[in-house]
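Coordinate-derived values only; no laboratory data. Everything numeric in this text was worked out from a predicted model, so none of it was measured. Cβ placement follows ideal geometry from the backbone for every residue including glycine, while neighbour counts extend to all protein chains displayed.
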Amino acid sequence: MQTLEAIAARRSIRKFKPDPIPEDALRAILTAAIQAPSGKNRQPWKLIVVRGDKRAEMMKVMRGGMAGRKAEGDDLGSSEWTARVMDQAPVTVFVINPHGKQPWLAHSIDENFQELVDVQSVGAAIQNMLLAALDLGLGSLWICDVFYAYEQLMNWLGEKGQMVAAVSLGYPDESPEARSRKPFDEVVRWMQARAPRHA
Ligand SMILES: Cc1cc2nc3c(=O)[nH]c(=O)nc-3n(C[C@H](O)[C@H](O)[C@H](O)COP(=O)(O)O)c2cc1C
């Protein structure tokens, strides 16, 4: 698949078949992630792969964290729906920035800038995963609702640093239409209205 076609064809997938992901396909997706560019080539990522028996443990921890939030009166937003997707997916990959701080800790200005750089690098790695998955016939969902169980999941994963996101992967059991995007002209502003004659 050509790159522009793949970018246009990618969708968030929220229904997965139970079929396992072949090891070589999973390795190819993780390899695509770590080929992403990163600020100062810091490669601020650690990828924790949850599959097999560990999925049930993950879901218990996720749902435990969500229940705690609910008990405190917090709105669970879309997390219940997302948890159902994670439960279905044969693989979920947690993406951790090992240099990042827990979000509730105070950050200096320098630390904020550093995290701004690192989170972009991690975003590039995640997008590489999504596009690689598509190329291999797999579906993916980029997930931040794991934040509803942030501490619980980080303790369970045994990781220090900052949880940035998770990505669920599997063979798609749906083919959604493209979701809407803001119009091009609403989000693009040209500093020069016309293309220069000699670019
Ligand atoms: C940073 C980020 C976090 C997201 N978190 C979730 C999530 O927790 N649950 C979910 O169902 N979708 C999540 N999504 C998927 C978005 O809802 C989706 O990308 C958006 O609606 C556009 O749909 P599309 O990906 O099919 O183009 C997330 C996407 C991004 C980029």
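One table, with the values for the structure above:
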read-out	value
Cα centroid of region 126-183 to Cα centroid of region 4-42, whole Å	9
Exposed-site-free run, longest, the chain (rule: GluC sites (Glu not before Pro); DSSP loop; at most 12 other C-beta within 10 Å)	73-173
3J(HN,Hα) from dihedral phi, region 181-195, Karplus parametrisation 6.51/-1.76/1.60, rounded to Hz, x for glycine, proline	10, 4, x, 3, 6, 6, 10, 10, 10, 8, 6, 10, 4, 10, 5
Most mobile of I143, I48, I96 in a GNM of the chain (Cα contacts under 10 Å)	I48
Calculated over region 87-138: convex hull of Cα atoms, volume per residue (Å³)	84
Region 51-187: C-alpha pair distances exceeding 25 Å, %	35
Rg/Rg_globular for region 30-131, with Rg_globular taken as 2.2 N^0.38 Å and Rg from C-alpha atoms	1.24
Expected 222 nm ellipticity per residue - DSSP helices of 4 or more, -39500 (n - 2.57), all of the chain, to 500	-13500 deg cm²/dmol
Long-range HN-HN contacts of D173 with modeled amide H, under 5 Å	K15, F16, K17
Residue among R51, R189, R11 with the largest mean-square fluctuation in a Gaussian network model of the chain, springs linking Cα atoms under 10 Å	R189
Using θ = phi - 60° and Karplus 6.51 cos²θ - 1.76 cosθ + 1.60, couplings along region 88-94 (whole Hz; Gly, Pro as x)	7, 5, x, 9, 10, 10, 8
Most fluctuating residue given options L153, L134, L105, as computed from a GNM of the chain linking Cα atoms under 10 Å	L105
In sequence order, calculated HN-Hα J values of region 6-11 (Karplus, 6.51, -1.76, 1.60; Hz; x Gly/Pro)	5, 4, 6, 8, 5, 9
With at most 16 neighbouring Cβ atoms within 10 Å, loop chymotrypsin sites (Phe, Trp or Tyr not before Pro) (DSSP) excluded, longest segment of the chain	1-103
Computed label-point distance, nm, for sites Q192 and E174 using a 7 Å Cα→Cβ extension	4.5
